[in-house]
1. Pairs needed: first member in the stretch 36-52, on the phi > 0 side of the Ramachandran plot; second member anywhere, small (Gly, Ala, Ser) and not in a loop (DSSP other than H, G, I, E, B); C-beta distance under 9 Å; at least 6 residues apart or different chains.
2. Test Arg13 against the stated conditions and say whether it is among the basic types (Lys, Arg), modelled with pLDDT of 90 or more, part of a helix (DSSP H, G or I) and closer than 24 Å to Glu99 by Cβ.
3. If Asp56 passes every condition in (1) of a type in the set (Asp, Glu); (2) open to solvent by 60 Å² or more (accessible area, probe 1.4 Å); (3) in a helix (DSSP H, G or I) but one, which one does it miss?
4. Considering only the stretch 66-75, state which residues are touching a helix residue (DSSP H, G or I) at 6+ places or on another chain (Cβ under 8 Å) and either within 18 Å of Ala33 (Cα to Cα) or open to solvent by 100 Å² or more (accessible area, probe 1.4 Å) (or both).
5. Quick one: in the stretch 83-112, of everything that is in a helix (DSSP H, G or I) and within 18 Å of Glu59 (Cα to Cα), which residue is most open to solvent (accessible area, probe 1.4 Å)?
6. Could you say which residue among Val128, Val78 is within 29 Å of Ile31 (Cβ to Cβ), of a type in the set (Val, Ile, Thr) and either open to solvent by 60 Å² or more (accessible area, probe 1.4 Å) or at pLDDT 90 or above (or both)?
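The values are calculated or read from the model by the stated rules, or taken from the named source; none is laboratory data. None of these values were measured; they are calculated from a predicted model. When we count neighbours, we look across all protein chains shown, and the Cβ atoms used for this are built from the backbone with ideal geometry, even at glycine. Ligands, DNA and RNA are excluded from the accessible area calculation, which covers all protein heavy atoms including side chains. Shrake-Rupley method; radii C 1.70, N 1.55, O 1.52, S 1.80 Å.
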Amino acid sequence: MCVKDKRAEIHGRITAYQAQIAQAKQDLAHINASIRLFTDICVRHLEVDGELTTRDLAERVMIERRLDATDATLRNSVVFKVVQALRHAARRKHVRMVEKRKGMCVWARGDAVTLRVVASRCWHPIPVRSGLKSLAPGEPSGLPPVKWSRV
């Protein structure tokens, strides 16, 4: 095998890997969107109804998403996805697991509202400069420093 053939082979593999990475990024984006969707539905129902089991939440997700709740295989799949979404949300304090009853987790709304309020009181830099020219590294701009403002 000559060097040009080897180069072409490696280039082909790199192109194939890049396509796989692009597909994996797309898949990940869809999974993240599903987690957010399931979490939002579950949190909404927990706010209204209080504590609910994973199975109850999965049934409500299925009804809201117009899925066939009589399909046992689909229902088990949704229960598994709801558990994953709720565990993810629990790490972010959106929900909390209260207890386990007969092997089923019981969930309640978490402290997300409190966390959002605290986060909104953080100081964030807000640049007030406009029309900046490109500067060489270390060159003074002659502009005032960035102002800080509460968001």
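1. Cβ pairs passing all conditions: Gly50/Ala108.
2. Spelling it out, it is not the case that Arg13 is among the basic types (Lys, Arg), modelled with pLDDT of 90 or more, part of a helix (DSSP H, G or I) and closer than 24 Å to Glu99 by Cβ.
3. So the condition that Asp56 fails would be (2).
4. Correct list: Leu67 only.
5. The qualifying residue most open to solvent (accessible area, probe 1.4 Å) is Arg87.
6. Exactly one residue qualifies, and that residue is Val78.
Residue-wise test of (1) aliphatic (A, V, I, L, M); (2) under 24 Å from Arg91 (Cβ atoms); (3) touching a residue at least 60 places away in the same chain (Cβ under 8 Å).
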{"residue": "Asp5", "(1), (2), (3)": "no, no, no"}
{"residue": "Glu9", "(1), (2), (3)": "no, no, no"}
{"residue": "Ala19", "(1), (2), (3)": "yes, no, no"}
{"residue": "Leu28", "(1), (2), (3)": "yes, yes, no"}
{"residue": "Ile31", "(1), (2), (3)": "yes, yes, no"}
